[in-house]
Amino acid sequence: MRLVSLVLASALLLAGGGGPVRAAPVDLQLILAADVSRSIDNDEFQLQRQGYAAALQDPRVLSAIHSGAIGAIAVSFVEWSSVGEQRVVVDWTVIRDDESAGVVGDQILKADRSFVGHTSISDALDFAMERFAKSGLTSPRRVIDVSGDGTNNSGRPVDAARDDAVAKGIVINGLAIINLNPNFGYVAHTQPPGGLPNYYRENVVGGVGSFVLQIDDFHSFTDAMVQKLVTEISAAPATIKSQLALH
């Protein structure tokens, strides 16, 4: 009887039943949170999607990934709009080479547009925070990379959501998209006093080394995202990130 018990215990241990399963390590857990609110028209949406897919497969980004201690990062791609409107387009996927980057890129390109609603950056940040607990991974850094073309106009104050994320050790970086041709009625939303990049600096980004990158139209999305990803993945010094935030 004792022999049977020992055999069963050994089987449980081999199956992972003898304790918690050890989480896989990566250099970075990165959530790409993309704004798909109604101020972004379908052409701009396509440019944004194509930019994310192309940037993840860019040789400069792959080189930055390979430079890490582990040589791998984990990415999840989320689209967001109004309160309660967040969708995981690509669940947590480990990228360590061009093949795995291509898989993520293909998933981004093939998915239908998730929403066309208001802009709740705060709810997007709250949703993203919860995603880290579901990754099954460990990493020395966790980053939310949020892109958008307007201010928070739905949900709780965005600075409160930012502060909650930063308190958990999460870094939030921003890509402020200057939309000079917004849909009718959205000028104040996309062009706030002081400019959208300044709004992102004061209300959205936070954490050690956080930064805002500005692009002047959706046609330059790919180049901007490559620069942003390389900076995030390689953990460039805060002084470099501060310089990025000014351009």
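Values quoted throughout were computed directly from the atomic coordinates according to the rules given, and no laboratory measurement underlies them. Since the structure is predicted, the reported quantities are computational estimates derived from the model, not experimental observations.
Note that the stretch 137-231 carries a Kirkwood radius of 14.0 Å, evaluated over its alpha carbons pair by pair. Treating cross-link reach as a plain straight distance, find the aspartates and glutamates whose alpha-carbon is under 20 Å from the alpha-carbon of K134, omitting any fewer than eight places away in the same chain. Reachable aspartates and glutamates: D27, E79, E85, D91, D123, D126, D145, D164. Centre-to-centre, using Cα atoms only, the stretch 115-155 and the stretch 200-226 are separated by 14 Å.
Under 5 Å between amide hydrogens, built in the peptide plane, is the criterion, and for R141 it picks out Q29 among residues at least 5 positions away or on other chains.
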